[in-house]
1. May I ask you to verify whether T73 is among the hydroxyl-bearing types (S, T, Y) and closer than 17 Å to H95 by Cβ?
2. Can you tell me which residue in the stretch 31-70 is modelled with the lowest pLDDT, limited to those that are within 20 Å of V88 (Cβ to Cβ) and open to solvent by 50 Å² or more (accessible area, probe 1.4 Å)?
3. Filter the stretch 9-25 for residues that are surrounded by fewer than 10 Cβ atoms within 10 Å (Cβ to Cβ) and assigned to a loop (DSSP other than H, G, I, E, B) and give the result.
4. Testing L21 on (1) out of contact with any strand residue (DSSP E or B) (no Cβ under 6 Å at 6 or more places or on another chain); (2) touching a residue at least 60 places away in the same chain (Cβ under 8 Å); (3) of a type outside the set (G, A, S); (4) more than 15 Å from P104 (Cβ to Cβ), one condition comes back false. Which one is that?
5. For V34, indicate whether it is of a type in the set (A, V, I, L, M, F, W, C) and free of Cβ contacts under 8 Å to residues at least 12 places away in the same chain.
6. With more than 18 Å from C105 (Cα to Cα), open to solvent by less than 70 Å² (accessible area, probe 1.4 Å) and among the aliphatic types (A, V, I, L, M) as the only criterion, which of M28, M6, M75 stands out?
7. Quick one: is K85 within 14 Å of C105 (Cβ to Cβ), among the charged types (D, E, K, R) and more than 11 Å from the chain's Cα centre (by Cα)?
8. Please find, within the stretch 83-99, the residue that is farthest from G20 (Cα to Cα) out of those that are among the aliphatic types (A, V, I, L, M) and open to solvent by less than 50 Å² (accessible area, probe 1.4 Å).
Amino acid sequence: MALRSMQKANLDEVKPDVHGLISKQSVMLDTLTVTKVTFHPGAKWSQDLKEYAGTDSCLLPHVAYILQGAIETVMDDGAREIFRKGDVIMVPPGHDAWAVGDEPCVFIQ
């Protein structure tokens, strides 16, 4: 396999895609998309993104690293978990999520 050139991008230089209290900044490196997601205090997927997604719950899988704050996730089957700063997470499709506390939850996926 041929080596490809190094690449970089700065997520903080990307204009956010905003849906209610949730914002996303994405960059593409070769064939990989990296996204910084911010759930501002009071943000909830089912309130801020459900209509945009057109589904009853989030149907995307997520592998992420929590940079700041906390987020609570509930699966369609009722399983719940709170993820906090420093956690590396994997959340399968079929969930809702919301910011916990008074600070934004920021993660990279």
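1. Values: among the hydroxyl-bearing types (S, T, Y): yes; closer than 17 Å to H95 by Cβ: yes.
Here the answer is yes, as T73 does meet what is asked.
2. Selected residue: L32.
3. N10, K15 - these are the residues of the stretch 9-25 that are surrounded by fewer than 10 Cβ atoms within 10 Å (Cβ to Cβ) and assigned to a loop (DSSP other than H, G, I, E, B).
4. The number of the failed condition is (4).
5. Numbers: of a type in the set (A, V, I, L, M, F, W, C): yes; free of Cβ contacts under 8 Å to residues at least 12 places away in the same chain: no.
Judged against the criteria, V34 is not a match.
6. On the way: M28 fails: open to solvent by less than 70 Å² (accessible area, probe 1.4 Å); M6 fails: open to solvent by less than 70 Å² (accessible area, probe 1.4 Å).
It is M75.
7. Details: within 14 Å of C105 (Cβ to Cβ): yes; among the charged types (D, E, K, R): yes; more than 11 Å from the chain's Cα centre (by Cα): yes.
Considered against the rule, which asks whether it is within 14 Å of C105 (Cβ to Cβ), among the charged types (D, E, K, R) and more than 11 Å from the chain's Cα centre (by Cα), K85 comes out as yes.
8. So the first thing to find is which residues in the stretch 83-99 are among the aliphatic types (A, V, I, L, M), and the list is 88-91, 97, 99.
Checking which are open to solvent by less than 50 Å² (accessible area, probe 1.4 Å) leaves us with 89, 91, 97, 99.
Working: I89: 24, V91: 22, A97: 14, A99: 13 Å.
Per the criteria, the residue is I89.
The values are calculated or read from the model by the stated rules, or taken from the named source; none is laboratory data. Computed from a predicted structure; not experimentally measured. Reconstructed Cβ throughout: ideal geometry from the backbone, glycine too, with neighbour counts over all protein chains shown. In case anyone asks, the SASA skips ligands and DNA or RNA and just uses the protein heavy atoms, side chains included. Shrake-Rupley method; radii C 1.70, N 1.55, O 1.52, S 1.80 Å.
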